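Read through the structure below, which is laid out as structure tokens, and then see the notes.
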Amino acid sequence: MNEEQIDVVICWVDGNDKEWQREKTFWEHKTAPGHGVADDLWNRGDVRFRDWGTLKYFFRGIEKNAAWVRKVHFITWGHLPPWLNLSNPKLNIVRHEDYIPAEFLPTFNSHTIELNIHRIPGLADRFVFFNDDTFVTKKTVSGDFFLGGLPCDSAVMNPPPMTRHNLHAEYNNIGIINDRFVKNKVIAEHPLKWFNLKYGTKVLRNCLFLPWKNFVGFYEQHLPNSFLKSTFRAVWEAEEEELAATCSCKFRDRSNVNQWL
């Protein structure tokens, strides 16, 4: 596959699908507490699975403003929006069973769906992961997402907000990162990635947290994320037990890590 090619990946669920609702209810009753039952109101409520009717604007935005995208890999439990043009050559329908290992299925855990993205057959080595609450409303170029073959990202330290619904996953992520990396050594190896004027006033956060021995967390911009498949493979190789434990949870759980890892 041409290393210059860039794909887009997006996940979607239709919470109104009656068959999907029956399967979800079955596993909610079957799964024992502490083994992947969503244990807070945000994860347990239907808001996690609601379709807001805005998906068409995501596809239209890619079509009009990101013509450089090679393929859009559309991950779905099995249902499809009736207006979707299935004959579009850039569209690849991906069902959970097409790429998630069988031992983790069925799943209603977004972390499982996201942590296995690199297994999608035919996925380009470089891809941008979207959610359906982000839209491309102006012209973009591939350089907005990748430069020199590497993902565009920021290295800004920041503790996780206490009110965020992903709080537990973020703490679990940072625990693994601190086990694997020595903070001051990482910063010393690439100082300009941490202290860069492009961050604007956010660079002050790195100055503030520089005395801390460990990473406290990272500023999460809640934007589409640029990824390399090799990064996913490397993290799975390093932390297979931890990632497999997350993927074994049928629903999001406080013990989980997520794709921000």
Note to self: Run the simple label-point estimate for residue 198 and residue 28 please: 7 Å along Cα→C-beta, distance reported in nm.
What the structure shows: 4.4 nm
Next item on the list: Work through the residues other than residue 236 whose Cβ is under 13 Å from its Cβ and net out their charges, Lys, Arg +1 and Asp, Glu -1.
Entry: -3
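Among the DSSP beta bridges whose two residues both lie in the chain, what percent are antiparallel, rounded to the nearest 5? Walk me through the intermediate numbers first.
Numbers: 7 of 22 bridges.
Expressed as a percentage, antiparallel bridges in the chain total about 30.
Over 22 Å between Cα atoms: which of 18/64; 18/250; 90/139; 18/71; 56/90 fall into that group? Walk me through the intermediate numbers first.
Details: 18/64 33 Å; 18/250 19 Å; 90/139 18 Å; 18/71 30 Å; 56/90 15 Å.
Correct reply: 18/64; 18/71.
Could you sort 123-133, 142-152 so that the peptide with the highest average Cβ count within 10 Å comes first and the rest follow in order? Mind dumping the intermediate values first?
Working: 123-133: 19.6, 142-152: 13.7.
Ranked from most to least packed, the peptides come out as 123-133, 142-152.
Given the rule -39500 (n - 2.57) for each run of at least 4 DSSP H residues, summed and divided by the residues of the chain, what is its mean residue ellipticity at 222 nm, to the nearest 500 deg cm²/dmol? Please report the intermediate quantities before stating the final value.
Details: 11 runs with 88 residues, N = 261.
Value at 222 nm, helices only: -9000 deg cm²/dmol.
Using a 1.4 angstrom probe, figure out how much accessible area the chain has per residue, in square angstrom, rounded to the nearest whole. Could the numbers behind the result be given before it?
Working: 14520 Å² over 261 residues.
In whole numbers, the chain has 56 Å² accessible per residue.
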Next item on the list: State, to one decimal in nm, how far the label point of residue 93 lies from the label point of residue 19, with both points 7 Å from Cα in the Cβ direction.
Entry: 1.1 nm
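State the extension gain, in nm to one decimal, for the chain segment bounded by residue 241 and residue 103, taking 0.36 nm per residue of separation less the distance between their alpha-carbons.
48.3 nm
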Checklist line | Extension gain from residue 51 to residue 64, taking 0.36 nm per residue of separation minus the Cα-Cα distance | finding: 2.4 nm
Check: Among the lysines, which fall within straight-line cross-link reach of residue 183, defined as a Cα-Cα distance under 27 Å, with same-chain neighbours fewer than 8 residues apart omitted?
Finding: 193, 198, 202, 213, 229
Check: Which of 109, 184, 92 moves the most in a Gaussian network model of the chain with Cα springs under 10 Å?
Finding: 184
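The values are calculated or read from the model by the stated rules, or taken from the named source; none is laboratory data. What you see is a predicted model; the values in this text were computed from it and never measured. Positions of Cβ are backbone-derived with ideal geometry, glycine not excepted, and every protein chain shown enters the neighbour counts. Remember, those area values only see protein heavy atoms, side chains included, never the ligands or the DNA or RNA. Shrake-Rupley method; radii C 1.70, N 1.55, O 1.52, S 1.80 Å.
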